[in-house]
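The structure under discussion is supplied below as structure tokens; questions concerning it will follow.
The values are calculated or read from the model by the stated rules, or taken from the named source; none is laboratory data. Just so you know, these numbers come straight off a predicted model, no measurement behind them. Cβ placement follows ideal geometry from the backbone for every residue including glycine, while neighbour counts extend to all protein chains displayed. Each accessible area value is taken on the protein alone, full model and side chains, heavy atoms only, with ligands, DNA and RNA left out. Shrake-Rupley method; radii C 1.70, N 1.55, O 1.52, S 1.80 Å.
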Amino acid sequence: MAGFADKRQWGPTPRYDRVRAYEPKQKDFIVIAGPCSVESETQINYVANAVASAGATHLRGGLFRAGTYPNDNYGIVSQDLFKAFKYAAGVYQLKTVIEVLDAHSLDFVLPYADCLQVGCRQMQNYSLLTRLSRTNKTVFLKRSPGATIDEFLGSAEYLLKGGACTPVLIERGSATQATHVRWDLSISMIPAIKSISQIPVVVDAAHGTGRRDLVVPMTLAGVAAGAAGILVEVHPKPELSLSDADQAIDPNKFKELMFSVGQVRNAIRGI
Ligand code: PEP
Ligand code: MN
């Protein structure tokens, strides 16, 4: 294959054999929705109900997480909220997705998580990836804003090394010189990865733009490009979100988005 991949292949063998050989275990469309941070029992129940009735499959919610600025709020870490999160997801038959920051906190998170999220800042935390590769969980791996396709797939290769976890990749935008967005969603990453690997790629246009008004069009663009799912931040009152307030959408907008996602999926079926 010409271009990007060739430049980086030192030696005769591809660097990510497992990624190339991967055969997906389940092929259902993935819809991860929920607040950036879990803020209260009331908030998470309300959101879980709203997103489940609009067709979400997974409930997200920051509990253990990290962001760019240490003094910002990233959710109130309490065991009660972990329990409330798991309970709300269970009531509405959603799978839980919880970010894990390091191998050390994994044991705490595991009982509450059907799926684990590796945030973009941990994409190359190889001890964490190695540990996760031995769990029997679905692991959502976010691309670091500066990572090349090879670095991203190299990290996915770590996840496959232990032979136990089910990897899913998330495209969540690049650091560029653009000033109209916080991060710039790299839509081309989706079909480019699909040409190499069958590991599903989810589009995250919330972090991939940082702008509420761009979440719908860019999510649809990702779906049109062949994304295997979407990640959206949904909050009852988006502008009051404890974290990532600029990119959250409300439940009504999420419902509209889900309708449009269905239309785009129908339109590209068979292409
Ligand atoms: C998040 O999903 O809320 C998050 C912090 O994502 P990222 O790691 O992509 O910044
Ligand atoms: Mn967020």
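Looking at G210, G162, can you tell me which residue is in contact with a Lys or Arg (Cβ under 8 Å, 6 or more places away or on another chain) and either open to solvent by less than 10 Å² (accessible area, probe 1.4 Å) or within 16 Å of ligand 1 (Cβ to nearest atom) (or both)?
None of the other options fit; the residue is G210.
In addition: Open to solvent by 40 Å² or more (accessible area, probe 1.4 Å), out of contact with any Lys or Arg (no Cβ under 7 Å at 6 or more places or on another chain) and either within 16 Å of ligand 1 (Cβ to nearest atom) or within 24 Å of N49 (Cα to Cα) (or both), is that true of R182?
Judged against the criteria, R182 is a match.
Sticking with this one: Please enumerate the residues belonging to region 15-35 that are at pLDDT below 95 and either closer than 14 Å to L257 by Cβ or surrounded by 15 or more Cβ atoms within 10 Å (Cβ to Cβ) (or both).
Passing the criteria: R15, Y16.
Would you check if there is a residue in region 186-200 being out of contact with any helix residue (DSSP H, G or I) (no Cβ under 9 Å at 6 or more places or on another chain), charged (D, E, K, R), more than 16 Å from ligand 2 (Cβ to nearest atom) and modelled with pLDDT of 95 or more?
Yes, because at least one residue in region 186-200 is out of contact with any helix residue (DSSP H, G or I) (no Cβ under 9 Å at 6 or more places or on another chain), charged (D, E, K, R), more than 16 Å from ligand 2 (Cβ to nearest atom) and modelled with pLDDT of 95 or more.
Next question. Can we say S260 is out of contact with any Lys or Arg (no Cβ under 6 Å at 6 or more places or on another chain) and in contact (Cβ under 8 Å) with a residue 60 or more places away in the chain?
Criteria not met by S260.
T148 fails exactly one of the following numbered conditions: (1) at pLDDT below 95; (2) more than 25 Å from I196 (Cα to Cα). What is the number of that condition?
(2)
Which fully enclosed helices (runs of 4 or more DSSP H) of region 181-271 have 2 or more residues being more than 19 Å from the chain's Cα centre (by Cα) and farther than 24 Å from G61 by Cβ?
Values: elements: 189-194, 212-224, 251-268.
Where helices (runs of 4 or more DSSP H) fall fully within region 181-271 and carry at least 2 residues being more than 19 Å from the chain's Cα centre (by Cα) and farther than 24 Å from G61 by Cβ, they are 251-268.
Please state which of the following conditions Q198 fails to meet, knowing it meets all the rest: (1) surrounded by 19 or more Cβ atoms within 10 Å (Cβ to Cβ); (2) farther than 29 Å from A48 by Cβ; (3) in contact with a Phe, Trp or Tyr (Cβ under 6 Å, 6 or more places away or on another chain).
With (1) surrounded by 19 or more Cβ atoms within 10 Å (Cβ to Cβ); (2) farther than 29 Å from A48 by Cβ; (3) in contact with a Phe, Trp or Tyr (Cβ under 6 Å, 6 or more places away or on another chain) applied to Q198, the lone miss is (1).
Still on this structure: Just to be sure I understand the filter: pairs with C-beta atoms under 7 Å, separated by 6 or more residues or on different chains, first member in region 118-137 and without any contact (Cβ under 8 Å) to a residue 60 or more places away in the chain and of a type in the set (S, T, Y), second member open to solvent by less than 10 Å² (accessible area, probe 1.4 Å) and part of a loop (DSSP other than H, G, I, E, B). Which pairs pass?
The qualifying pairs are S133/C165; T135/C165.
Mind listing whichever residues of region 151-190 are among the polar types (S, T, N, Q) and farther than 15 Å from Q117 by Cα?
Here is the first cut: in region 151-190, the residues among the polar types (S, T, N, Q) are 155, 166, 174, 176-177, 179, 186, 188.
Scanning region 151-190 gives S174, T176, Q177, T179, S186, S188.
OK, next. Take the residues of region 164-179 that are touching a residue at least 24 places away in the same chain (Cβ under 8 Å) and in a loop (DSSP other than H, G, I, E, B): which is farthest from A21 (Cα to Cα)? Quick ask: steps written out before the conclusion?
Our first condition is that a residue be touching a residue at least 24 places away in the same chain (Cβ under 8 Å); within region 164-179, this holds for 164-175.
Next, from what is left, pick out any that are in a loop (DSSP other than H, G, I, E, B): 164-165, 172-173, 175.
Working: A164: 15, C165: 15, R172: 24, G173: 26, A175: 30 Å.
Among them, the one singled out is A175.
Going residue by residue through region 223-235, is there one that turns out to be open to solvent by 30 Å² or more (accessible area, probe 1.4 Å), under 23 Å from Y46 (Cβ atoms), in contact (Cβ under 8 Å) with a residue 12 or more places away in the chain and more than 16 Å from ligand 2 (Cβ to nearest atom)?
No, there is no match, as no residue in region 223-235 is open to solvent by 30 Å² or more (accessible area, probe 1.4 Å), under 23 Å from Y46 (Cβ atoms), in contact (Cβ under 8 Å) with a residue 12 or more places away in the chain and more than 16 Å from ligand 2 (Cβ to nearest atom).
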